[in-house]
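Structure first, then comments.
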Amino acid sequence: MDLGTMFDRFMEALPDGALEQTTLSCINTHRRHFERILGASCKIEQLSVARLQHYVSKRSKEPGQRGKSVGRSTIRKEIGTLGMIWQWAKDNKHIKGSFPRKGLRFPKEQEKPPFQTWQEIEKQLEVNNLDKNREAELWDCLFLTLSEIDQVLEHLKELDRYPFIYPMVATAAYTGARRSELFRSLTTDISDSSMVLRERKRMRGKRSFRRVPIAPKLRDILDKWFAEHPGGQFTFCKIQDGQPVGLNADDARGYFRRTFGSGPWKNVPGWHCFRHSFVSNCAMRGVDQRMIDSWVGHQTDEMRRRYRHLFPDSELAAIQTVFA
């Protein structure tokens, strides 16, 4: 069996709804890279560690985002996709042997900077002469303080450009929901005191969920939104041909850019900024990290390190137990 055929059979065998559309799109993107470098006619039986190492090495030299080469995490995800499909093919008796991943060496990657306030980023930009790519990296680390979040929401309320944007941004800021979780949300997921978030990741073939308490400010915003909600099952929706229609990733990205692309908050980099802000503000108020993890979903140690410096009181108390 060749590489292209293995991907084809995997996609044909997928039951409807087995994977999210964003996941399918990601798989297809990874497939294009493998077929471009290894060739669609590459025989699976001849795929070795050396051949995969050639793929890793070549990808690591190709241009990625913001003038950098393709990063370690991106390449590891691509290899992970191939390994997952390889295992499916093996389980279904299409191929034999184990996926030849052991011994692969990936490029080193610099750890992402910690989350920073608007003022901290502007101070760095004043002192350092940074190019646009480096500036964008800094703004990607932005978290908004509680007062800034209030200002953003007031700005959106006055702007009144798209009815669903104001409550959608508020939900992101007050729950830490991911973009995909926002447009996947159903009206039935929201109760008086909490909100169920439908995660993209799957555990043993099942959709996973998490529950986040609803803050009083968000409760008021959602109550007003539902009083004028256009109908349909989705919490946030647009009107298309006179009917309420759910959003997708392109919609969420496009509406965000049109809303924040200019004006006083143009440096807010994306939906993820409000997730960063939720995590960071909880950390600054001394919320237990385990509780933060349960609210925002599974967090890696790398992610925790990016906001751990925002626990100054906890760190000071810890060091004083040793050096009183």
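The values are calculated or read from the model by the stated rules, or taken from the named source; none is laboratory data. The structure presented is a predicted model; accordingly, all values stated were derived computationally and were not measured. Cβ atoms come from the backbone with ideal geometry, glycine included; neighbour counts cover every protein chain shown. Remember, those area values only see protein heavy atoms, side chains included, never the ligands or the DNA or RNA. Shrake-Rupley method; radii C 1.70, N 1.55, O 1.52, S 1.80 Å.
Scanning the range 47-66 for residues that are open to solvent by less than 50 Å² (accessible area, probe 1.4 Å) and in contact with a strand residue (DSSP E or B) (Cβ under 9 Å, 6 or more places away or on another chain), we see that the one that is farthest from Gln87 (Cα to Cα) is Glu62. At least 3 residues being closer than 23 Å to Ala215 by Cα is the threshold, and among the helices (runs of 4 or more DSSP H) wholly inside the range 228-324 those reaching it are 272-284, 289-296.
Among the conditions (1) open to solvent by 10 Å² or more (accessible area, probe 1.4 Å); (2) over 30 Å from Arg9 (Cβ atoms); (3) at pLDDT 90 or above, Asn128 misses just one, which is (3).
Please indicate, with yes or no, whether at least one residue in the range 296-311 is touching a residue at least 60 places away in the same chain (Cβ under 8 Å) and either closer than 19 Å to Lys157 by Cα or of a type in the set (Val, Ile, Thr) (or both). Yes, the range 296-311 contains at least one residue that is touching a residue at least 60 places away in the same chain (Cβ under 8 Å) and either closer than 19 Å to Lys157 by Cα or of a type in the set (Val, Ile, Thr) (or both).
Of all residues in the range 135-174, those satisfying the criterion of being without any contact (Cβ under 8 Å) to a residue 60 or more places away in the chain and farther than 17 Å from Phe278 by Cα are Glu135, Leu138, Glu154, Lys157, Glu158, Asp160. Among residues that are of a type outside the set (Phe, Trp, Tyr), under 21 Å from the mean Cα position of the chain (by Cα) and open to solvent by 10 Å² or more (accessible area, probe 1.4 Å), Arg161 is not included. Hey, any hits in the range 269-278 for a residue that's free of Cβ contacts under 8 Å to residues at least 60 places away in the same chain and open to solvent by 20 Å² or more (accessible area, probe 1.4 Å)? No, the conditions are met nowhere in the range 269-278. Just one of (1) open to solvent by 20 Å² or more (accessible area, probe 1.4 Å); (2) under 14 Å from Leu153 (Cβ atoms); (3) within 23 Å of the chain's Cα centre (by Cα) trips up Asp220, so point out which. Condition (3) is where Asp220 drops out.
Taken over the range 60-116, residues that are among the basic types (Lys, Arg) and either more than 25 Å from Arg306 (Cα to Cα) or without any contact (Cβ under 8 Å) to a residue 12 or more places away in the chain (or both) amount to 7. Select, from Ile79, Ile44, the only residue that is more than 28 Å from Arg198 (Cα to Cα) and open to solvent by less than 40 Å² (accessible area, probe 1.4 Å). Exactly one of Ile79, Ile44 is more than 28 Å from Arg198 (Cα to Cα) and open to solvent by less than 40 Å² (accessible area, probe 1.4 Å), namely Ile44.
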